[in-house]
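Taking it in order: structure first as structure tokens, then the write-up.
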Amino acid sequence: MALEFISEFIAVIFIIISYFYTRLKIANAINPIFLKKKLNWLYICICYIGIPFIHIGPIGYLVFYYIVFRYQVKKDSRYALFYSLYAFLAYESVYYFFISLAYRFVDSSQWIMFYKEGFRTVVCLLVLAVALAIHHLIGLNQKIIESEEFLPIIKKTTDYFIGLVGIRFLSIFAYQVFRNEYLEIKVTASLSIFIVTLLVMLYLRDQQLKYLHQKIVQQKEEEIRGANHMVDELATLYNEVRGFRHDFGGIMSTMDSAIKAQDIEEVTKIYESVFEKMHQQISSSYYSGFNLGKIKEIGFRGVIANKMIQAKNNGIPFRLEVMQEVPPVNAPLLETVRILTILLDNALEATINARNPEVTLSLLVKNNQVVMIVKNTRDQKILIDGQKIWQRGYSTKGYNRGQGLANLSEICADLDSIDIETHISNSHFTQTIFFETRC
């Protein structure tokens, strides 16, 4: 009696693993919320009420995925549908092929519950391993998937997925109604659906790689344009410095004559009218562009050059302070560019309405980290909520404009090598980013 109870208890565990855990695990590979939320009891209801009584198991899985992506992960409806279909097909297309193949060669109808569910669990775990391997091969990048430029690809892929899910449901219906007749083609039908699903996912992977390559090419082009602009600016500044050098001899001769004559009034006049003015010009923020030569991280250099030109065109003083040579950082080039672009765009936009507009970018190296400090003056009349600024859609500039800092928060959350600190005062907004240097 006790042995029978133990075997039935273990069989129930097998059922939970094969029906419950495996499907949650594949969805969890897309978003970890699936194995963190305790409210996923809904899944159990779908599995254990839906399957035995009203036979809506597969539909229930799809509905469950959509509910979680839409209302717990808070994805837009079109992306919630895409992720739901992807999660469903990533597992179910493999599952139906493997399970139909297994039962084609193994007849478990006469087995007791313990062995029957144990066999199904082994097959399901094998299916899960294959499904996870395919998912990692596809390399689903949510930032690319949810970008506006990629939306046409998502719509097309979603249509393909809907068609495949429809075919999958039709095959399930055919099996329920024409069981004996359908058995002959069940493996072939499941294999066909699996192959087509895999081809659609490979198409999605290919489009992601093309998009990423295109973005990198665009960034390189922007870096080249920024570098050309900066070369022109530095050439102008260099000519000014040459002018200072040319005039310096004459200024020193005048000063020398005044000193020898001990004409303090003349010395004071020369100092105030010439040297102070020269010092202010040389100390101008525009001359800080020479510090770009100390920056070895190409992702920093290209963006900074562009933003310095943009600041000058808008009449905003932009000071670049580089304490020492800045080495490459341990972060993907595209993410590095996105981080710096968001920070500097926000700083330039926020400082326009300040009493004394100014942006200062400081770079220093400390304890195997590159520390970047972006500081801008701001309008003191505007109240800033330090907690809400990271929420998507929140902005002091108007409704539903706050996307940059929300994107920045997601990027930093995905990259373990980056940390961010924010400080808000009455007159300044300062953000400090810590990058690990590349080994």
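Among the residues of region 347-359, is there at least one that is open to solvent by 10 Å² or more (accessible area, probe 1.4 Å) and within 16 Å of F435 (Cα to Cα)?
No - not one qualifying residue is present in region 347-359.
Please specify each residue of region 115-165 satisfying the condition of being of a type in the set (D, E) and either crowded, with 18+ Cβ neighbours inside 10 Å or within 21 Å of L24 (Cβ to Cβ) (or both).
Selection gives E117 alone.
Residues that are at pLDDT below 80, at least 3 per element: which helices (runs of 4 or more DSSP H) completely within region 1-119 meet that?
Helices (runs of 4 or more DSSP H) meeting the threshold: 2-15, 41-45, 57-67, 77-105.
Tell me yes or no: at least one residue of region 309-327 is in a strand (DSSP E or B) and open to solvent by 50 Å² or more (accessible area, probe 1.4 Å).
Of the residues in region 309-327, the ones in a strand (DSSP E or B) are 318-322, 326.
Retained after the next criterion (residues that are open to solvent by 50 Å² or more (accessible area, probe 1.4 Å)): 319, 321.
Yes, there is a match, as at least one residue in region 309-327 is in a strand (DSSP E or B) and open to solvent by 50 Å² or more (accessible area, probe 1.4 Å).
Scan (1) surrounded by 17 or more Cβ atoms within 10 Å (Cβ to Cβ); (2) modelled with pLDDT of 85 or more for the single condition C412 breaks and write down its number.
Exception for C412: condition (2).
Could you grab me the full set of residues in region 68-99 that are among the polar types (S, T, N, Q) and surrounded by fewer than 19 Cβ atoms within 10 Å (Cβ to Cβ)?
Listed by number, the residues that qualify are Q72, S77.
Pairs under 7 Å by beta carbon, first residue surrounded by 11 or more Cβ atoms within 10 Å (Cβ to Cβ) and at pLDDT 80 or above in region 207-236, partner outside any helix (DSSP H, G or I) and of a type in the set (G, A, S), six or more apart or different chains?
Going by the 7 Å Cβ cut-off, the qualifying pairs are Q208/G139.
Restricting to region 404-439, name every residue that is touching a residue at least 60 places away in the same chain (Cβ under 8 Å), in a loop (DSSP other than H, G, I, E, B) and charged (D, E, K, R).
Of everything in region 404-439, just one residue is touching a residue at least 60 places away in the same chain (Cβ under 8 Å), in a loop (DSSP other than H, G, I, E, B) and charged (D, E, K, R), namely R438.
Consider A189 carefully, then state whether it is hydrophobic (A, V, I, L, M, F, W, C), modelled with pLDDT under 75, assigned to a helix (DSSP H, G or I) and surrounded by 15 or more Cβ atoms within 10 Å (Cβ to Cβ).
Judged against the criteria, A189 is not a match.
For E349, are the conditions met, namely being among the acidic types (D, E), modelled with pLDDT of 85 or more and assigned to a strand (DSSP E or B)?
So E349 does not fit the description; no.
The values are calculated or read from the model by the stated rules, or taken from the named source; none is laboratory data. This is a predicted model, so every value here is computed, not measured. We place every Cβ from the backbone using ideal geometry, glycine too, and count neighbours over all the protein chains shown. We work out accessible area using only protein heavy atoms, side chains counted, and drop any ligands, DNA or RNA first. Shrake-Rupley method; radii C 1.70, N 1.55, O 1.52, S 1.80 Å.
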